[in-house]
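Heads up: the structure comes next, in structure tokens.
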Amino acid sequence: MKITVLTLFPEMFSALSSSILGRARRDKKFELEVVDIRDYTEDKHRKCDDYPFGGGAGMVMMAQPIGSAIEAVDPGHGARRIYLSPKGKTLTQSRAVSLSEEEHLVLLCGHYEGVDQRAIDLFIDEEISIGDYVLTGGELPAMVLIDCVARYIDGVLSPSSLVDESFSENLLEYPQYTRPVEYRGLTVPEVLRSGDHAEIDRWRREQARALTKKLRPDLLGEDV
Ligand code: 58G
């Protein structure tokens, strides 16, 4: 899969060169292309934003640089083009899985007060939000989406990593422990050291169910 990000702040995406995603990129499990929208401006001062028609605070990103950038990176409109916005449908685990099956994603990051509506109407397939809050830019939401989607690309995680997760579908994760057996008076539950894998499975399922009921009853279809 290829992910193209369109942004006025390409340097922010250096975060995706570390850790698991950094390795996955080096291993060519997916390709991340970060494109500076400013490179596509036709303005002699490389301007990409302007005052809003109708007045109001702040600046609006101009349609022209966005349109030219999108047409340059996705000329035949083969890609799924996404604008990160608080107006979008909320990103969920199941939406991330379906996005991971795409060949090419183009992610548009807005800044300031947003982008000219015509850029959205002409060039964007869907708006996605990472949650009900407003941020100064779409860059962090784009990185959240990329991280979430990349986990489902073959070879990014070790083969077993997604197994437990899907098996505990719609439940919170059970508690995890590592060495030492005792830390500040708290010990690792006996069952996890028993070597009885059927018993461990049962314990983890029960922990996940009880934790979900206590912290996220909505996930079990119960009243909150
Ligand atoms: C209001 C304010 C509408 C995504 C700003 C649009 C993007 C939150 C999310 C904007 C974002 C999210 C400009 C800055 C979009 C534009 C961007 N904030 N919840 N801010 O996913």
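The values are calculated or read from the model by the stated rules, or taken from the named source; none is laboratory data. Everything numeric here is computed off the predicted structure, so don't read it as measured data. Every residue, glycine as well, gets a Cβ built from its backbone with ideal geometry; the counts of neighbours run over all protein chains shown. When the accessible area is computed, the model is the full protein with side chains, heavy atoms only, and any ligands, DNA or RNA have been set aside. Shrake-Rupley method; radii C 1.70, N 1.55, O 1.52, S 1.80 Å.
Do the conditions hold for Leu107, that is, is it crowded, with 19+ Cβ neighbours inside 10 Å, among the hydrophobic types (A, V, I, L, M, F, W, C), part of a helix (DSSP H, G or I) and within 15 Å of the ligand (Cβ to nearest atom)? No. Residues in region 164-192 that are loosely packed, with under 10 Cβ neighbours inside 10 Å and of a type in the set (Val, Ile, Thr): Thr178 alone. Name, by its number, the condition in (1) more than 15 Å from the ligand (Cβ to nearest atom); (2) among the β-branched types (Val, Ile, Thr); (3) over 19 Å from the mean Cα position of the chain (by Cα); (4) surrounded by 12 or more Cβ atoms within 10 Å (Cβ to Cβ) that does not hold for Val115. Status for Val115: all satisfied but (1).
Pro65 falls short on exactly one of the conditions (1) more than 14 Å from the ligand (Cβ to nearest atom); (2) surrounded by fewer than 19 Cβ atoms within 10 Å (Cβ to Cβ); (3) closer than 15 Å to Arg118 by Cα; (4) of a type outside the set (A, V, I, L, M, F, W, C), and that condition is (2).
Looking at this structure, is Asp132 open to solvent by 50 Å² or more (accessible area, probe 1.4 Å), within 16 Å of the ligand (Cβ to nearest atom), farther than 17 Å from Ile37 by Cβ and in contact with a Pro (Cβ under 8 Å, 6 or more places away or on another chain)? For Asp132, the condition - open to solvent by 50 Å² or more (accessible area, probe 1.4 Å), within 16 Å of the ligand (Cβ to nearest atom), farther than 17 Å from Ile37 by Cβ and in contact with a Pro (Cβ under 8 Å, 6 or more places away or on another chain) - is met.
Return yes when Tyr83 is modelled with pLDDT of 95 or more and either surrounded by fewer than 20 Cβ atoms within 10 Å (Cβ to Cβ) or part of a helix (DSSP H, G or I) (or both) and no when it is not.
On the way: modelled with pLDDT of 95 or more: yes; either surrounded by fewer than 20 Cβ atoms within 10 Å (Cβ to Cβ) or part of a helix (DSSP H, G or I) (or both): no.
Against the criterion (modelled with pLDDT of 95 or more and either surrounded by fewer than 20 Cβ atoms within 10 Å (Cβ to Cβ) or part of a helix (DSSP H, G or I) (or both)), Tyr83 does not qualify.
Do we find that Glu165 is modelled with pLDDT under 95, within 30 Å of Trp203 (Cβ to Cβ), outside any loop (DSSP other than H, G, I, E, B) and more than 16 Å from the ligand (Cβ to nearest atom) in this structure? Lay out the reasoning, then the answer.
Details: modelled with pLDDT under 95: yes; within 30 Å of Trp203 (Cβ to Cβ): yes; outside any loop (DSSP other than H, G, I, E, B): yes; more than 16 Å from the ligand (Cβ to nearest atom): yes.
Answer is yes for this residue.
If you filter region 44-53 down to residues that are among the charged types (D, E, K, R) and assigned to a loop (DSSP other than H, G, I, E, B), you find that the one that is least open to solvent (accessible area, probe 1.4 Å) is Lys47.
Among the residues of region 71-104, what is the count of those that are of a type in the set (Val, Ile, Thr) and within 16 Å of the ligand (Cβ to nearest atom)?
Within region 71-104, the first condition is being of a type in the set (Val, Ile, Thr), and the residues that meet it are 73, 82, 90, 92, 97.
Remaining after also requiring within 16 Å of the ligand (Cβ to nearest atom): 82, 90, 92.
Number of matching residues: 3.
Filtering region 19-43 to residues that are open to solvent by 70 Å² or more (accessible area, probe 1.4 Å) and outside any helix (DSSP H, G or I) leaves Asp27, Lys28, Lys29, Glu31, Glu42.
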